[in-house]
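K.L.:
Below you will find the structure I want to go over with you.
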Amino acid sequence: MRITRVEAKLVTMPLAEPYTIAYETVQAATNVFLRVETDTGITGFGCAAPDKPVTGETAETVLGAVSNVIEPTLGGADPLRSSLLLEDLKRDLASEPSARAAADMALFDIVGKVAGLPLWKLLGGYRECIPTSVTIGILSELETVAAAKTWIAKGFRCLKMKGGRDVEADVVRVIKVREAVGPDIELRFDANQGYTVEQAQRLVSGTRAAKLELLEQPTPKGQPELLGQVTRSVSVPVMADESLMTLRDAFRLASNEFVDMVNIKLMKVGGIYEAMHINSVARAAGLEAMVSCMDEAGLAIAAGLHFALARPNVAYADLDGHLDLVGDPTHAAVIVRDGCLYTTDSPGLGFDLRDW
């Protein structure tokens, strides 16, 4: 079995509702879809969702990586030797994780199709579905409460609120949402690096009555010791997101006990292959993992979902990046039912992008 053709296609999808986080406002998402054909008629698909502030990439750099590295590396190769190919790509695309993630997805998609199994079963098949949180960006108090009620009405039972610009306003918004949705809805808070240690402590103390489930990346990513200070001083579990980009990051965070939890995004770490290693480090250290996403089309969300369903240490999912995209050609790759995510259960990632 050999790879005969590698193609990439760029798709820009506006958001039905633009959102704001601590360091940017997002109005549209540009993903790069990857198609990998083989001489057996089996085709694998992948997706990159580059984000300049997080992954250091743009859609244009991903297209360049496909042309200059991924296509030459995969062309003529046996796709079932995925570890060899992905190690080569990791060496040559060390600073381009979302480009690697797209190739990783396509190779795993092929493996699943050859085996005739959905990827989540091939990787372990721990659970059949998983609840996901949905994200509310930085809005006014009234708009935040309205958004929370809208998502709850759609069947979701977990909300992730964004903040990090004004801790006092954040405290008020969390309290108001809790009052609006009642005690049974899970609330998570993501400061996207926007706080000092003292501000993170203030957020936790001010929202104690709201019973936050977790606090995600309160402090700047380049100073993991600040995460450690927050973790040791607050009662809410602290999760690393932007501070976790590589396997080495996972080891450093775990060995220094800087956090209670880790957020694994395929786009940050380079795909499923690397995510499995990072999750093993987390499990060895007793850290629960969440699989999360960028502004990703359904195909990329499906890849994260298959990984989440396969591994017992993945206790949480934040896989909502596709829900608000307009014109996503792969929206049907994931099934949403009562706030939970299911795969299509077809082989591989479970979706073929036929309109190429």
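K.L.:
Within segment 263-304, what residues put their amide N at less than 14 Å from the label point 7 Å along the Cα-to-Cβ vector of ARG127?
P.N.:
288-292
K.L.:
With viscosity set to 0.890 mPa s at 25 °C, what whole-number translational diffusion coefficient in µm²/s follows for segment 3-115 from Stokes-Einstein and a Kirkwood radius over Cα pairs? Intermediate results must be reported in sequence, preceding the final value.
P.N.:
Working: Rh = 14.5 Å.
Here the translational diffusion coefficient equals 169 µm²/s.
K.L.:
Taking every DSSP beta bridge with both residues inside segment 121-343, roughly what % is antiparallel (nearest 5)?
P.N.:
Values: 6 of 30 bridges.
In segment 121-343, DSSP labels about 20 percent of beta bridges as antiparallel.
K.L.:
Right, another one. Could you go through segment 114-120 in sequence order and give the Karplus-derived ³J(HN,Hα) for each residue, using 6.51 cos²θ - 1.76 cosθ + 1.60 with θ = phi - 60°, rounded to whole Hz, and x for Gly and Pro?
P.N.:
Calculated HN-Hα couplings, in order: 5, 6, x, 10, x, 4, 4 Hz.
K.L.:
For the chain, what does -39500 (n - 2.57) per DSSP helix run (n ≥ 4), summed and divided by total residues, give at 222 nm, in deg cm²/dmol to the nearest 500? The partial results should precede the final answer.
P.N.:
Working: 14 runs with 136 residues, N = 356.
After summing the helix terms and dividing by the residues of the chain, the value is -11000 deg cm²/dmol.
K.L.:
Tell me the relative contact order for the chain as a rounded percent, counting alpha carbon contacts under 8 Å between residues six or more apart. Walk me through the intermediate numbers first.
P.N.:
Working: 818 pairs, mean separation 71.0, N = 356.
Once divided by the residue count of the chain, the mean separation gives 20 percent.
K.L.:
Give the range of the longest stretch in the chain that excludes all trypsin sites (Lys or Arg not before Pro) found in loop regions by DSSP and having at most 15 other beta-carbon atoms within 10 Å. Intermediate results must be reported in sequence, preceding the final value.
P.N.:
Values: sites that count: ARG2, ARG81, ARG127, LYS154, LYS211, ARG354.
Longest site-free region, per DSSP loop and neighbour criteria: 212-353.
K.L.:
Around LYS265, which amide H atoms from residues at least 5 apart in sequence, or from another chain, sit under 5 Å from its own amide H, with H modelled in the peptide plane?
P.N.:
Result for LYS265 returns SER292.
K.L.:
Below 20 Å, Cα to Cα, which lysines can LYS211 reach? Residues fewer than 8 away in the same chain don't count.
P.N.:
Straight-distance partners of LYS211: LYS149, LYS160, LYS162, LYS176.
K.L.:
Take the alpha-carbon centre of segment 1-29, take the same for segment 237-297, and report the distance between them in whole Å.
P.N.:
Cα centroid of segment 1-29 versus Cα centroid of segment 237-297: 22 Å apart.
K.L.:
To continue, here is another question. Tell me, in nm to one decimal, what length is gained between GLU17 and GLU87 on full extension, where the rule is 0.36 nm per residue of separation less the Cα-Cα distance?
P.N.:
Values: separation 70, 0.36 × 70 = 25.20 nm, distance 3.83 nm.
Length gained between GLU17 and GLU87: 21.4 nm.
K.L.:
Next question, about the same structure. Which shape class applies to segment 121-343: rounded if a/c is under 1.5, otherwise prolate when a/b exceeds b/c and oblate if not, where a ≥ b ≥ c are the square roots of the Cα gyration tensor eigenvalues? Intermediate values should be presented prior to the final figure.
P.N.:
Details: a/c = 1.79, a/b = 1.09, b/c = 1.65.
It is oblate, given that a/c is not under 1.5 and a/b is not larger than b/c.
Every number here is computed from the coordinates shown, using simple stated rules; none is lab data. Keep in mind the model is a prediction, meaning the values are calculated, not measured. Backbone-built Cβ (ideal geometry, glycine too); neighbour counts: all protein chains shown.
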